[in-house]
Amino acid sequence: MNFIDLNAWLGTWPFRDLRDNDAASLLTRLERAGIQRAAVSQIEAAFQRNVQHANERLAQSVESYADRLLPMATINPRFPHWERDLRRCHEDLGFKGVRLFPCYHDYPANDPEAIRVAQRCAERDLPVFLPHRLEDARQRHWLDPGRSLDLAEAADMIAAVPKATFVITNARGILGSALWQRQDLRGANWFYDLSLSEVHYKLHTSVSSMRDLAEFIDQGGARHLVFGTHTPFSYPSAARVKTAVLPVDAETLAQICSGRAERMLGLA
């Protein structure tokens, strides 16, 4: 099975040591888990107002690994020159997509300027990635805002830009979320990665509630699933285990593991 990780990171996290997290070390982790390619962003960009410095650093880091590490630009809609940054990342640096950090750059996902970013990405055929969280708020450092993406706001953004492709990463409990409850968006072009989903979610509560992800699939959610690991915050092999037990057929599994990623990143 071919695997493309849509949720990986380079750089440093200010609140705990992620061990060596340069490009070569990241590839070693991915290879150990049998993952061939990954879409990567620079962690530090979440904490910077002018994120372009981090984007430039990312471009340099992956230059020697262009066939395996696919750079994803961070854009801050609150920075006055974000359109210049987007143009630079796409046209000059060859970035494959855009990550937005509403919780860290302090704006709602349905903010008009954030929606404008998504519209510009749609025009450039760049997917928009929205991390639900970077780290569990229960273990957050006191300087970390510790908020999670409001999925109702994310749903508003998806509805406002129907031509864009969206990926919600590192989220849990999508079945009962405000996004999945929007019946008008069931057929929209949005995806949800496996990195934090739990096949046996709430096992400690009741055996009957072990089917959170399975019920999502039963309700038609399989078309919205993609592969992601959230490495180095999480172990990449955990997402591999989930693919081994997903209740889907082989063709759907291949789409989840790499097919959809190839299309949205222009690799097919």
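The values are calculated or read from the model by the stated rules, or taken from the named source; none is laboratory data. Keep in mind it's a predicted model, so treat the numbers as computed, not measured. Here Cβ is always computed from backbone atoms with ideal geometry, including for glycine, and neighbour counts include all displayed protein chains.
Looking at Leu196, Leu203, Leu267, just one residue is within 27 Å of Leu126 (Cβ to Cβ), surrounded by fewer than 18 Cβ atoms within 10 Å (Cβ to Cβ) and modelled with pLDDT under 95, and that residue is Leu267.
Residues checked against (1) outside any loop (DSSP other than H, G, I, E, B); (2) over 13 Å from Ile75 (Cβ atoms); (3) of a type outside the set (A, V, I, L, M):
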{"position": "Tyr104", "(1), (2), (3)": "yes, no, yes"}
{"position": "Pro108", "(1), (2), (3)": "no, yes, yes"}
{"position": "Arg120", "(1), (2), (3)": "yes, no, yes"}
{"position": "His141", "(1), (2), (3)": "no, yes, yes"}
{"position": "Leu149", "(1), (2), (3)": "no, yes, no"}
{"position": "Ile158", "(1), (2), (3)": "yes, yes, no"}
{"position": "Ile174", "(1), (2), (3)": "no, yes, no"}
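The set of residues from segment 51-70 being closer than 27 Å to Arg140 by Cα and either under 18 Å from the mean Cα position of the chain (by Cα) or at pLDDT below 95 (or both) comprises Val51, Ala54, Asn55, Leu58. Under the condition of being small (Gly, Ala, Ser), more than 26 Å from Asn21 (Cβ to Cβ) and either at pLDDT below 95 or touching a strand residue (DSSP E or B) at 6+ places or on another chain (Cβ under 9 Å) (or both), the residues counted in segment 231-258 number 1. Quick check: anything in segment 87-99 within 16 Å of the chain's Cα centre (by Cα), buried (at least 22 other Cβ atoms within 10 Å of the Cβ), among the aliphatic types (A, V, I, L, M) and modelled with pLDDT of 95 or more? Scanning segment 87-99, I find at least one residue that is within 16 Å of the chain's Cα centre (by Cα), buried (at least 22 other Cβ atoms within 10 Å of the Cβ), among the aliphatic types (A, V, I, L, M) and modelled with pLDDT of 95 or more, so the answer is yes.
Can you confirm whether segment 27-50 contains a residue that is surrounded by 21 or more Cβ atoms within 10 Å (Cβ to Cβ) and touching a His at 6+ places or on another chain (Cβ under 8 Å)? Scanning segment 27-50, I find at least one residue that is surrounded by 21 or more Cβ atoms within 10 Å (Cβ to Cβ) and touching a His at 6+ places or on another chain (Cβ under 8 Å), so the answer is yes. Taken over segment 239-263, residues that are in a helix (DSSP H, G or I) and without any contact (Cβ under 8 Å) to a residue 40 or more places away in the chain amount to 8.
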